[in-house]
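Notes for the one structure printed next.
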Amino acid sequence: MDNDLETGTDAVERDDYTAEQPVDLRQQRLRAASNPAPSDETQIGSQHSDDDSDVLAREEHDPYGVGEENLAGPGEPSSDEVAAVREARLAMLLKPAAGVHTDPARWGWRGRVNAFGCRVRPQRRGDEVAYRQAVERIRQPLPGTPVVLIANPKGGSGKTPAAVLLSALLGRHRGGRVVAWDAHEACGSLAARAACCPSEHTVWDVLSHARELCTANADASGLARFLQRQPTLDEILASDQTPGGSVCIGREECAAILAVLRRHREMVVVDTGNNDRAQGFRWAVANATQLVVPIIGRRDVIVSALRLLDGIAEDGHEDLAARAVIVLCGAGPAQNKIADTLASAGITRVVPVPFDPVLASGERIVVTRMGRASVRAWTEVAATVADSVAETLAIRHLPMETRFVPESRWSAGADEATHQRLLAYALREGQLSRSRTIRTPASPTPVDEFDPGW
């Protein structure tokens, strides 16, 4: 009996033992050995202060909680991915894809004959074979998540129709997983021009769920709730459409949105606004993989495009400006004159597209309602964009075989003007004297003999 009593007393004493306080390992901090050991109260207070400052710093840099690893973006592609891109491009050059030349024709009189059960092949160098080759170029492997930026500060230049069509054609021929993102500061028109946008979800819905969409347990269906599915399998992310709103999309919002899209989709087409000094616009330029500049046959639109390219180059993105794809909408001799004038300014990637009433009407753009010539031309634009993205990846990782690096023809010295493309264009028009010390591309014909005729 006494033994049982002593045992119970010892148990009570052990429960009341408070000589040592429990240690919370999460509150521990390393400190320099030379500093004197602070008291317990001082140490706890400093620990809470450090925690608060770290949390505030993280919230300021990542206000939507997508995570540092997602904001940092994807790393460089592996050597196997780069090798796959090179092999695919080499295969397209050496041998056409199966069926490009041998599948029965569907266009023209050959297509009408094949409707009765014949198997007449298309003309080897005809439009149908060129269209099939463009489709195969669109389907080539593109590692990572390329960001295709549609930009021209001049309003009415055709940015939104270009974004809708590129997204639709890329989504149709690449099997979906392509997003067209309206990156206007507020109230963009991408959702109004897309083929189908029944939902009212906008970028703010994605931002409000950005933290959970960037977690390891998030799935693609979570993001699909806030996107507008199109008949061509691509998706639309609409901009803020709140009338009378006072909040605009800025740099932090764009970074969080792209972090979400990059985790769930394979390609992003960005439709920008008209303010090239806005935070979102400048952020998009800094994070773009490929630049597409749509222009029409008007001098103010062309000058705005050239000024944009010069500004991008001056901001340290000369490669992006040099690889830009110019989509020239026009018809007749004027289109050829504009293309020659752009070539004199060093811009060679010019893809002409015909005028289409469907695009100019302001109504919703449905690919099946467009003419065959327009679809074929815009498919070539999408193929050129895919080629440029693949070439950028392949060239970026090629080993240097020589130490000699030629000077860029657009590099300007301390005493030279910097807006080289715009100056070359102005010289072509004869508006400036050639007495100034500038460096322009060599032209086989004297500058004074050119006459754009506008």
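The values are calculated or read from the model by the stated rules, or taken from the named source; none is laboratory data. Just so you know, these numbers come straight off a predicted model, no measurement behind them. Neighbour counts are summed over all protein chains in view; Cβ atoms, including those assigned to glycine, are modelled from backbone coordinates with ideal geometry. Only protein heavy atoms, including side chains, enter the accessible area calculation; ligands, DNA and RNA are left aside. Shrake-Rupley method; radii C 1.70, N 1.55, O 1.52, S 1.80 Å.
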Review point. If you go through the stretch 144-156 one residue at a time, do you hit one that is open to solvent by 10 Å² or more (accessible area, probe 1.4 Å), within 14 Å of LEU359 (Cβ to Cβ) and either at pLDDT below 95 or in a helix (DSSP H, G or I) (or both)?
Key: yes
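Conditions (1) more than 30 Å from GLU235 (Cβ to Cβ); (2) part of a loop (DSSP other than H, G, I, E, B); (3) more than 21 Å from the chain's Cα centre (by Cα), marked per residue:
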{"site": "LEU328", "(1), (2), (3)": "no, no, no"}
{"site": "THR341", "(1), (2), (3)": "yes, no, yes"}
{"site": "GLY346", "(1), (2), (3)": "yes, yes, yes"}
{"site": "VAL351", "(1), (2), (3)": "no, no, no"}
{"site": "VAL358", "(1), (2), (3)": "no, no, yes"}
{"site": "SER374", "(1), (2), (3)": "no, no, yes"}
{"site": "GLU380", "(1), (2), (3)": "no, no, no"}
{"site": "THR384", "(1), (2), (3)": "no, no, no"}
Point to revise | Selection status of ALA216, without any contact (Cβ under 8 Å) to a residue 12 or more places away in the chain and over 30 Å from PRO354 (Cβ atoms) | key: yes
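Conditions (1) in a helix (DSSP H, G or I); (2) closer than 20 Å to LEU170 by Cβ; (3) not charged (D, E, K, R), marked per residue:
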{"position": "LEU233", "(1), (2), (3)": "no, yes, yes"}
{"position": "GLY245", "(1), (2), (3)": "no, no, yes"}
{"position": "ILE249", "(1), (2), (3)": "no, no, yes"}
{"position": "GLY273", "(1), (2), (3)": "no, no, yes"}
{"position": "ALA288", "(1), (2), (3)": "no, yes, yes"}
{"position": "VAL293", "(1), (2), (3)": "no, yes, yes"}
{"position": "VAL303", "(1), (2), (3)": "yes, no, yes"}
Review point. Hey, PRO231 hits all of (1) farther than 15 Å from TRP181 by Cβ; (2) touching a residue at least 60 places away in the same chain (Cβ under 8 Å); (3) open to solvent by less than 30 Å² (accessible area, probe 1.4 Å) but one; which does it fall short on?
Key: (3)
